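What follows is a single structure, written as structure tokens, with notes after it.
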Amino acid sequence: MALGPKAPERRRRLIVDAALDVLRERGFAGARMADIASRAGTSPALVAYHFGTLSAVLAEALTVAEDSFYADLEHLLSAQQGAKAKLWTCIELAASEGPAIGDWVLWMEVWVQALRNDQVRATREQLDRRWRRTLLLLIEQGLAEGVFRCGDPAAASFRLASLMDGLALQVALRDPDLPASRMIDLWRGAAALELGL
């Protein structure tokens, strides 16, 4: 598919989508610019032109995946009434099969890369803050509704986000003792304790 010189944003998006596919299939260690370029129907030089490094592609790919997650979440939350139902929807989406679990695999790649790469580290911090903020807003809504009791909503959102990361890691690794349904139950139990339900 030839895009021509006047379609840089579209070309960039094709590269990011290809990078997501390659990273989910092969991981960061197994991904090469040439693989991403081939999947995107372009040259490795053009991938390097748009992103510079494989780490930069990873950072943008994760951001795109997260934006898609939040678009799905926003749609699902709009159909829910009350903070508790919305909070339960968050864990259901995070534990769902399909892209969510594939994106947890991508998150594992990011965590490893963030140890050594400032750009990936900054992206990870920004996206983690976004998730904690999402949870915090739902906790504050539940407090305002009188359904949650919590002395430190920011700390509660941090603990619940961290627990979700840890549980999702086990689900993504296909731990036989932790299917997605168990992840949901464990997280909901922790949320109930954390929020006085």
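Each peptide in 12-20, 66-74 receives the mean, over its residues, of other Cβ atoms within 10 Å, and ordering these scores from highest gives 12-20, 66-74. With every protein chain in place and a 1.4 angstrom probe, the accessible-area ranking of Cys150, Cys90, largest first, reads Cys150, Cys90. Applying both filters, DSSP loop and at most 13 other Cβ atoms within 10 Å, to the trypsin sites (Lys or Arg not before Pro) of region 149-187 gives Arg149, Arg174.
Compute the Cα gyration tensor for region 99-188, then decide on rounded, prolate or oblate, letting a ≥ b ≥ c be the square roots of its eigenvalues: rounded whenever a/c is under 1.5, prolate when a/b is larger than b/c in the other cases, and oblate in all that remain.
It comes out oblate by the Cα gyration axes.
Hydrodynamic estimate: the Kirkwood radius of the chain over Cα pairs, inserted into Stokes-Einstein at 10 °C and 1.306 mPa s, corresponds to D of 88 µm²/s.
Can you grab the distance from the C-alpha centre of region 96-155 to the C-alpha centre of region 13-70, Å, no decimals? Using only Cα atoms, the two centres lie 22 Å from each other.
Nonpolar atom fraction for the chain, defined as the carbon and sulfur part of the 1.4 Å probe accessible area, stands at 54 percent. Shape verdict for region 1-97, please, from the Cα gyration tensor: rounded (a/c under 1.5), prolate (a/b greater than b/c) or oblate. The shape class here is prolate. To the nearest ten degrees, helix 8-30 and the longest principal axis of the Cα atoms of the chain are 70 degrees apart. The residues of the chain present an accessible area of 51 Å² per residue when probed at 1.4 Å with all protein chains retained.
The values are calculated or read from the model by the stated rules, or taken from the named source; none is laboratory data. Since the model is a prediction, treat every value here as computed from it, not as a measurement. In this analysis, Cβ positions are derived from the backbone assuming ideal geometry, glycine residues included, and neighbour counts consider all displayed protein chains. Only protein heavy atoms, including side chains, enter the accessible area calculation; ligands, DNA and RNA are left aside. Shrake-Rupley method; radii C 1.70, N 1.55, O 1.52, S 1.80 Å.
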